[in-house]
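Comments concern the structure below.
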Amino acid sequence: MEGGSKRLVVVSNRLPVALSNEGGRWVIKPGGGGLVTALAPVLKNRGGLWIGWSGAKGEVDIVDPLAEFSREAGYSLHPVYLTEEEVAGYYHGFSNEVIWPLFHDFQSRCNFNPTYWRSYLDANLKFAEVVVRFSRDSDYIWVHDYHLMHLAFMLRNMGVPRSCGFFLHIPFPPPDIFLKLPWRAKIVRSLLEYDLVGFQTGRDRSNFISCLRALLPEASISGRGNEVRVTLLGRTSRLGAFPISIDFNAFANMASSGEVAQKTKDFRDALRQRKILLGVDRLDYTKGIPQRIEAIRQLLIKFPDLRERFSFVQLAVPSREEIPEYNALKIEIERLVGEVNGQFAQPGWVPIQYLYRSLPRADLVAYYRAADIALVTPLRDGMNLVAKEYCASNVSETGVLILSEFAGAAGQLQKNGAKLVNPHDVEGVAKVIHKAFHTDIADHRRNMHRLRDSIRKADIFWWVDSFLQNAFSRHLNDFPPLEG
Ligand code: GDG
């Protein structure tokens, strides 16, 4: 990889650790996500640091446990302290009640409260100050996600030169949605303060370009393929599409382990060897859980031959419980599950098994391995890692992935055998599930084999490499004009 011995500074809303207070003492445990797994070796090799909020409110004394963690990890963690008001305004407010719903096409759920915006700017400044304090001019700063779109802008305002890249984990909406944002031009302009802006898909990037054309017609746009350049007021930024992925081997190896094989057998036995349909999501309105339950209801109404032949397991992980809408959604899901189970249950069989909690990784992988059909049907999703984790864990290669056309993963996975559906069309989803029941297993095997091959090749390590290679590329001026 180019970039010489540049140190890497990763900045994200949260540090990659879980913090808990045990009897008055702060305890830090490593976070388990794919991003940490993929970035840890790069941070270690280059000597790097990770900056983020610890999750605690106020100034908690975590210097010693963080230093100890950093020594063991081989890279250092630096916390950003946020007050209770900042957490309310910047995180719950602007990030999760403005940007999250708007970027997922849920304008009606947006709360365009101007105080949220000011809090967002203040918090981005706070993050930038920690970056300035701990980084050097020669470092590369890689900022993650919608919470920190203004960080590079703050650095430039402070007159601090740093090479900066940004990756947006959620979708970027088209102009008819984005233009509703009161702070639209400021956000687009601040994103252009990054040297490289990465999106999940080509579609997100084109949406961003359309918004740019509408809001900043003076910007000059050129390039093609994965390399688009934008020049505004003498500054050039590049825009790329980098579909995020998972640690394929970690999932495949865990799925093949004796422990998971035993758990898989236990789950299947408990469900009396019926076919297993599986949904796994954070409990969020973008994930389409009520629509999926409606599709199950349609399946049972339209295809009575399937009654008592399957169990639908829906795992919903608690998320953003401080926001009232998430609690309302939880109640709606519980009502729907009760309704469908009440309507169709028979002695010894309930159609929907609903789990509202976070499971240990081995249990999650066992569910993935046990499931005959995964229903990954978000209404809108940046990528959706569950779709990829399901395939990686499906070591028998007999499973079927039914995937929403509105998940970022659809572009990559459709051509390799995922069955695409419109999650709003609950009858259509029911028909695709029914068809999967009656399709020859040889077809399922062929598709799952191709899906697994494609994810194995484009895993999370590939993703980190593609972003950083692009970030460190010195061929900025080689792109021909943008077509179309
Ligand atoms: C955002 C974007 C984009 C779920 N249940 C359990 C559990 N999980 C883990 C899964 C998976 C993760 O949560 C969910 O990832 P997704 O990608 O599906 O969704 P978001 O949380 O919305 O993530 C998304 C992603 O960022 C990355 O860029 O793909 O589009 O919205 O990894 O495994 N993990 C454990 N127990 C559970 O019960 N241990």
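The values are calculated or read from the model by the stated rules, or taken from the named source; none is laboratory data. In this text the structure is predicted, and so the values were computed from the model without any measurement. Every residue, glycine as well, gets a Cβ built from its backbone with ideal geometry; the counts of neighbours run over all protein chains shown.
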(message) Which count do you get for residues in region 111-124 that are in contact (Cβ under 8 Å) with a residue 60 or more places away in the chain and within 24 Å of residue 284 (Cβ to Cβ)?
(response) 2
(request) Can you work out which of the residues in region 364-403 that are under 15 Å from the mean Cα position of the chain (by Cα) and part of a strand (DSSP E or B) is nearest to residue 438 (Cα to Cα)? (result) 376
(message) Considering only residues that are among the small types (Gly, Ala, Ser) and more than 16 Å from the ligand (Cβ to nearest atom), which ones fall in region 260-294?
(response) 261, 270
(message) Any residue in region 352-367 that is more than 21 Å from residue 320 (Cα to Cα) sitting within a Cβ distance under 7 Å of a residue that is near the ligand (Cβ under 7 Å from one of its atoms)? List the pairs, counting only those 6 or more apart or interchain.
(response) 367/315
(message) Anything in region 79-98 that is surrounded by 20 or more Cβ atoms within 10 Å (Cβ to Cβ) and in contact (Cβ under 8 Å) with a residue 40 or more places away in the chain? List them, or say none.
(response) 79, 80, 82, 86, 90, 91, 95, 96, 97, 98
(request) Scan region 353-389 for residues that are within 8 Å of the ligand (Cβ to nearest atom) and among the basic types (Lys, Arg) and jot them down. (result) 357, 361
(message) Based on this model, can you work out whether residue 294 counts as in the same structural domain as residue 405 (by the TED database), at pLDDT 95 or above, touching a helix residue (DSSP H, G or I) at 6+ places or on another chain (Cβ under 8 Å) and of a type in the set (Asp, Glu)?
(response) yes
(request) Assess whether residue 316 counts as being within 16 Å of the ligand (Cβ to nearest atom) and among the hydrophobic types (A, V, I, L, M, F, W, C). (result) yes
(request) Name every residue in region 268-296 that is among the basic types (Lys, Arg) and closer than 18 Å to residue 329 by Cα, in order of residue number. (result) 282, 287, 292
(request) Give the number of residues within region 319-338 that are surrounded by 15 or more Cβ atoms within 10 Å (Cβ to Cβ) and either part of a loop (DSSP other than H, G, I, E, B) or more than 16 Å from the ligand (Cβ to nearest atom) (or both). (result) 5
(request) Would you point out which residue out of 392, 328 is more than 20 Å from residue 293 (Cα to Cα) and in the same structural domain as residue 295 (by the TED database)? (result) 392
(message) Testing residue 430 on (1) away from the ligand (no atom under 14 Å from the Cβ); (2) free of Cβ contacts under 8 Å to residues at least 12 places away in the same chain; (3) hydrophobic (A, V, I, L, M, F, W, C), one condition comes back false. Which one is that?
(response) (2)
(message) residue 402 - would you say it is of a type in the set (Val, Ile, Thr), within 18 Å of residue 264 (Cα to Cα) and more than 9 Å from the ligand (Cβ to nearest atom)?
(response) no
(request) Could you identify the single residue in 320, 380 that is touching a His at 6+ places or on another chain (Cβ under 6 Å), among the charged types (D, E, K, R) and within 24 Å of residue 106 (Cα to Cα)? (result) 380
(request) Exactly one condition in (1) within 16 Å of the ligand (Cβ to nearest atom); (2) closer than 25 Å to residue 259 by Cβ is not met by residue 395; state its number. (result) (1)
(request) Could you grab me the full set of residues in region 46-81 that are farther than 16 Å from residue 9 by Cα and either in contact with a Gly (Cβ under 8 Å, 6 or more places away or on another chain) or not assigned by the TED database to the domain that holds residue 30 (or both)? (result) 81
(message) Only one of 392, 418, 436 is at pLDDT 95 or above and over 22 Å from residue 251 (Cα atoms). Can you tell me which?
(response) 436
(message) I need a count of the residues in region 27-55 that are among the small types (Gly, Ala, Ser) and either at pLDDT 85 or above or buried (at least 17 other Cβ atoms within 10 Å of the Cβ) (or both).
(response) 7
(request) Return the total of residues in region 369-382 being surrounded by fewer than 24 Cβ atoms within 10 Å (Cβ to Cβ) and touching a Pro at 6+ places or on another chain (Cβ under 9 Å). (result) 2
(message) Consider region 125-158. How many of its residues are in a helix (DSSP H, G or I) and either free of Cβ contacts under 8 Å to residues at least 24 places away in the same chain or more than 21 Å from the chain's Cα centre (by Cα) (or both)?
(response) 16
(request) For region 396-409, enumerate the residues that are touching a residue at least 40 places away in the same chain (Cβ under 8 Å) and surrounded by 22 or more Cβ atoms within 10 Å (Cβ to Cβ). (result) 399, 400, 401, 404, 408, 409
(message) When the residues of region 163-185 are narrowed to those that are away from the ligand (no atom under 13 Å from the Cβ) and in a loop (DSSP other than H, G, I, E, B), which ends up nearest to the chain's Cα centre (by Cα)?
(response) 173
